[in-house]
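Below is one structure; the comments refer to it alone.
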Amino acid sequence: MSASRMGPGHLLAGGGGLLLFVFLFLPWFGEGPVTQSGWEGQSSTDIYLLITAVVAVFTALTAGRGAVMPGVTANGATSLLGGVAALLLIWLVIFDYPGGASREIGLYLSLLAAAAITAGGFMASRDAEPARRPRPPLRPS
């Protein structure tokens with residue numbers, strides 16, 4: 001699939017997904033000279049963010065075609081997963097960071113990447129053609 005078939009929403013979501021994956025390896029928390037990456041500092045949030053990144057990249061590569069589940073498109077799933085990831089990271093930045101630890105750059109960059117995934121998924125959903133309903137059969141007069 002060429003990048004020309006992808007809309008700007010797909011490119012934004014896919015780029016955000018790739019960046020989110022990379023940002024999981026950056027320092028998220030620090031105490032003095034010791035830092036923890038997104039993989040080390042969280043127990044399950046890292047797995048959720050990985051799933052979000054993979055779905056965002058999948059959506060970009062397929063240009064949002066296909067349904068994830070009945071009634072859920074790849075664009076919609078990307079937007080939903082990205083939104084939840086952004087909310088989780090906002091919660092983590094404000095309330096749920098380890099005691100005595102400082103917040104590092106990887107945490108903030110991951111929040112920006114999750115916001116890009118959300119915005120890209122939303123933009124792609126709005127740009128997608130609506131599903132066509134089959135017409136009901138005409139009644140004979």
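All of the numbers you see were taken from the coordinates with simple rules; none came from a lab. A quick note: this is a predicted structure, and the numbers were derived from the prediction, not measured. For neighbour counting, all protein chains shown are included, and Cβ atoms are generated from backbone atoms with ideal geometry for every residue, glycine included.
Observations
- HN-Hα J in Hz across region 84-100 - Karplus 6.51, -1.76, 1.60, θ = phi - 60°, x for Gly and Pro: 5, 4, 4, 5, 4, 6, 4, 4, 5, 5, 7, 10, 9, 8, x, x, x
- Principal-axis analysis of the Cα atoms of the chain puts helix 105-127 at an angle of about 10° to the longest axis.
- Helices in the chain, meaning DSSP H runs of at least 4 residues, each add -39500 (n - 2.57). Divided by all residues, the mean residue ellipticity at 222 nm is -19500 deg cm²/dmol.
- Working from Cα pairs under 8 Å separated by at least six residues, relative contact order for region 3-127 is 42 percent.
- Contour excess over end-to-end distance, with Cα ends at VAL84 and ARG126 and 0.36 nm allotted per residue: 13.2 nm
- Computed label-point distance, nm, for sites LEU26 and VAL54 using a 7 Å Cα→Cβ extension: 2.3
- Given R0 = 41 Å, the distance between the Cβ atoms of VAL72 and SER102 translates into a calculated FRET efficiency of 0.60.
- Proximal charge balance of GLY38 [Cβ under 11 Å; K/R count +1, D/E count -1]: -3
- PHE95 paired with THR62, simple spin-label distance in nm, labels 7 Å along Cα-to-beta-carbon: 3.4
- Computed over the alpha-carbon pairs of the chain, the distance histogram in 5 Å steps reads 2, 11, 19, 19, 14, 10, 8, 6, 4, 2, 1, 1, 1, 1, 0, 0, 0 percent, short to long.
- Considering only chymotrypsin sites (Phe, Trp or Tyr not before Pro) in DSSP loops that have at most 14 other Cβ atoms within 10 Å, the longest stretch of the chain without any of them is 26-94.
- Taking N as its residue count, the alpha carbon Rg of region 13-84 over 2.2 N^0.38 Å: 1.27
- Along principal axes, Cα extents of region 48-127, largest first, whole Å: 46, 20, 19
- Rounded Å value of the spacing that divides the Cα centres of region 1-51 and region 68-102: 11
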